[in-house]
Structure formats: structure tokens, C-alpha cells
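K.L.:
Have a look at this one.
The values are calculated or read from the model by the stated rules, or taken from the named source; none is laboratory data. Values in this document were obtained by computation on a predicted structure and should not be read as measured data. Quick reminder, even Gly has a Cβ in these numbers, built from the backbone with ideal geometry, and neighbours come from all protein chains shown.
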Amino acid sequence: MNSSLVVLTDFSAAAERARRYAATLAAALPAELHLVHVYSPEPVPLDFGLTLPVPDTQYRQRTSQRLDQLAAALPVPATAEVFDTSWDLAVSQAVEKYRPQLLVAGLTTTDGLLDDWLSNRVLAVPQRVDCPVLLVPEHLPASGLRPPRQLALALEDRPFRLTPGATALAPLLDALGPDIVAVTVLDAHERAGGWDGLRAAQTSGLAAAMPRCGLHKVLGQQAGSGILQGVDELEADVLALLDQGHGWLHKLFTGSVTGYVARHTPVPLLLLPAQRADTPA
């Protein structure tokens, strides 16, 4: 089966960066590239409090034409499709149709968790459809538009296991061949720790090279800032986080390392669906 990448796209600056980054990956692998745009018709109020979505056929036609033009302008062959439905259903349908190993989307700069939810809904996707998601910052410099050479895998110091969707990414990572280093943030008095998380990473099946994965420790920092410090110290060009499915309601009210990192990461952010080791399979 050919490798497949799906780019969840619109006409924003962040989406443009995501398309260009996905094209570099597709060329290097090689992989099929599919652009997907979600069009949700506006609901029109009816009697008795009911609403009815009414498609704007002209808007849809113009959008489809623009999407075809974007696909044709990419340096690799790409398809383009508009999905006329809700965001959640469209993502599920795209995954079902194209069976991608990776979803790619732009990452818009936001000011808080509520903004994250409204602007970067794709943050909630990995667990729901069991597919890794790569978020490309809208301000990623042109020098960053290349396949990754160094991937920082942020971990807590506890066992975990990747979902089948996450381990399906292994052939792509093997083909790209980045060095993968685990990063863990520890309190100063825990400097001897980190090995439980590393052992789980080494046996995770994320890539063929994982048994040789090393460990980089960051001491005395908050988790989010410490992870980004590790990215800087390693000169990593992709950061991977485990998405263990706490859900957006939890993140809105208790804060989120993922949300912090998404707002501040200078490099593409790879979200891997995973489970704690004590969660029933």
C-alpha cells in the first residue's frame, strides 16, 4: 500500500505553510498527497426552533476551483476535495477514504486554550480517528521546509503504549530517517529519573531505530517550557508529543502542556495517539 498524507487545508497563511511542508515530505517518501477542505453550510432558522443547513453552490464551486489550483501549484502530484459536512464528520470521512498514515494541518498562533479550540480544532483529532497529526506553524521559516533530521520525542517518566494508528507511522519515519531522541522534564531532585519513559519509547514501535533512542533530560523547568528548551538544546526540527486523550474539556479547565507547546513551538508538532500502559487495550 502506498503511503498517504492528507492535508486539512483552507486559504490561510498557516494552511499554506502546511501544504508546502507536506509536499516536501511527499516528495521525500514518496507518498500520495490529498488536500481536503471542509465546507460546513450555514444553518438557516426555521419555524419551531429548527435549523436547516443550506449549501451555497457558488461558494462551493469557487472553493473547489481554488483548491484545484493550489493542488496544481504544488511540486508533487496532489488531489483536492471539498467535504460538505461538519468538521468532525469530514475528518472521519477523509481518513476513511484515503487511509493516511499522517494528517497535516497549519498551526495558527493563538492567545489561550479557548482560541486553540476555535482556531486549531485539529488538536483534538489524533485520539478520535487514531491517526497522527502534524501541525506546521504558520511562521515556520523557509529553511524549515525540509524533511526532519532530528525529532525530539517528549515523554513523561512513565510507561505508555502507542495506538495502532501511531505505529502505522513507522514506515514513513523509517524512510525519512531522522534521529529520534526522547526528552523528559524532571524536577531537580528527580535528576536520576526518566528511564521508565525511555524504556517505553524504545519498545514503542514508532520507528525501527527506537531501540537505540537516547534520553535528553531538562531539569527544574515547567513541563511546556522545559520541552521547548530540550528542542532548542537538541536543535530538533520536529517535536513529537503523546496525545493520551484527556479531551478538550479537561484542557480548557486545567491547562494543557500540549496547548502551551502548540502556542510556542518554533518547529512542526507531531501528535501521536497513545495510551497509558495501565489502560486496557
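K.L.:
Select from the range 240-276 the residues that are over 15 Å from the mean Cα position of the chain (by Cα) and at pLDDT 75 or above and write down the one among them that is surrounded by the most Cβ atoms within 10 Å (Cβ to Cβ).
P.N.:
Here the answer is S256.
K.L.:
On to the next question. With the condition being in contact with a Gly (Cβ under 9 Å, 6 or more places away or on another chain), I'd like the helices (runs of 4 or more DSSP H) fully within the range 166-279 carrying at least 3 qualifying residues.
P.N.:
The qualifying helices (runs of 4 or more DSSP H) are 257-264.
K.L.:
Filtering the range 1-25 down to residues that are at pLDDT 95 or above and touching a Ser or Thr at 6+ places or on another chain (Cβ under 8 Å), which residue is nearest to D237 (Cα to Cα)?
P.N.:
Step by step, filter the range 1-25, then rank; the result is A18.
K.L.:
Here's a check for you: in the range 26-63, which residue that is among the polar types (S, T, N, Q) and outside any helix (DSSP H, G or I) is modelled with the highest pLDDT? Walk me through how you get there before you give the answer.
P.N.:
Taking the range 26-63 and keeping what is among the polar types (S, T, N, Q), we get 40, 51, 57-58, 61, 63.
Narrowing further to those that are outside any helix (DSSP H, G or I): 40, 51.
Values: S40: 76, T51: 56.
The qualifying residue modelled with the highest pLDDT is S40.
K.L.:
Mind checking which residues of the range 148-165 are out of contact with any Ser or Thr (no Cβ under 8 Å at 6 or more places or on another chain) and either of a type in the set (D, E) or in contact (Cβ under 8 Å) with a residue 40 or more places away in the chain (or both)?
P.N.:
Answer for the range 148-165, where residues must be out of contact with any Ser or Thr (no Cβ under 8 Å at 6 or more places or on another chain) and either of a type in the set (D, E) or in contact (Cβ under 8 Å) with a residue 40 or more places away in the chain (or both): P148, R149, Q150, L151, A152, L153, R158, P159, T163, G165.
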